Amino acid sequence: MPTPDQVRSAFARYVEAWEARDRPAFVACFADDATQVDPYPSPPNVGRDAIAGFFDQTLAMTDAMAFTVGRVIIGGDRGVFPFTVRSTVAETQVEVDAVDVVSVGDDGLITSITAYVDMDGMRTVGTVGAVGTVGA
């Protein structure tokens with residue numbers, strides 16, 4: 001069974017890869033036969049190729065993503081990760097709250113991840129100006 005630090009580290013690598021828009025690093029977070037559901041109850045993406053396709057599709061819809069992770073709860077091989085993600089689309093920034101439930105294998109790779117997203121709570125938080133400043 002992975003340690004709590006391995007579970008936390010797996011999610012930290014996942015977030016870092018999203019924020020850096022680093023496809024190889026993102027895919028490397030997952031076991032070969034991992035399952036991803038994002039958002040629940042979407043059909044699962046099974047395996048690294050399908051998960052990479054999800055990554056490509058999501059990045060094509062955004063210009064940037066930044067995560068603020070809340071209080072993490074670890075139990076055995078699983079972690080519950082509440083977070084807010086701020087996405088930039090064109091020049092508009094939107095936030096949405098979500099929770100990822102993540103299972104990690106003994107090798108520290110994600111074996112399953114399910115995202116529960118509060119789509120009704122999505123909100124516009126500002127715009128990005130010509131010099132990269134954010135204003136409401």
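The values are calculated or read from the model by the stated rules, or taken from the named source; none is laboratory data. Nothing here was measured: the structure is a model prediction, and the numbers come from that model. FYI the Cβ positions are ideal-geometry reconstructions off the backbone, even for glycines, and counts take in every protein chain you see. The accessibility values were calculated without ligands, DNA or RNA, using every heavy atom of the protein model including side chains. Shrake-Rupley method; radii C 1.70, N 1.55, O 1.52, S 1.80 Å.
Within region 17-44, the residues that satisfy the criterion of being in a helix (DSSP H, G or I) and open to solvent by 20 Å² or more (accessible area, probe 1.4 Å) are Glu19, Ala20, Arg23, Pro24, Ala25, Val27.
Given the condition touching a residue at least 12 places away in the same chain (Cβ under 8 Å), under 30 Å from Thr124 (Cα atoms), open to solvent by 70 Å² or more (accessible area, probe 1.4 Å) and not charged (D, E, K, R), answer yes or no: does some residue in region 63-70 qualify? Yes, the conditions are met somewhere in region 63-70. Check region 62-78 and report whether any residue there is closer than 16 Å to Ile113 by Cα and in a helix (DSSP H, G or I). No, region 62-78 has no match at all. Restricting region 1-16 to residues that are part of a helix (DSSP H, G or I) and of a type in the set (Ser, Thr, Tyr), which is least open to solvent (accessible area, probe 1.4 Å)? Going through the qualifying residues, I end up with Tyr14.
Give the residue that is most open to solvent (accessible area, probe 1.4 Å), with candidates limited to residues of region 84-130 that are in contact with a Ser or Thr (Cβ under 6 Å, 6 or more places away or on another chain) and without any contact (Cβ under 8 Å) to a residue 24 or more places away in the chain. Looking at residues that are in contact with a Ser or Thr (Cβ under 6 Å, 6 or more places away or on another chain) and without any contact (Cβ under 8 Å) to a residue 24 or more places away in the chain, I get Val101.
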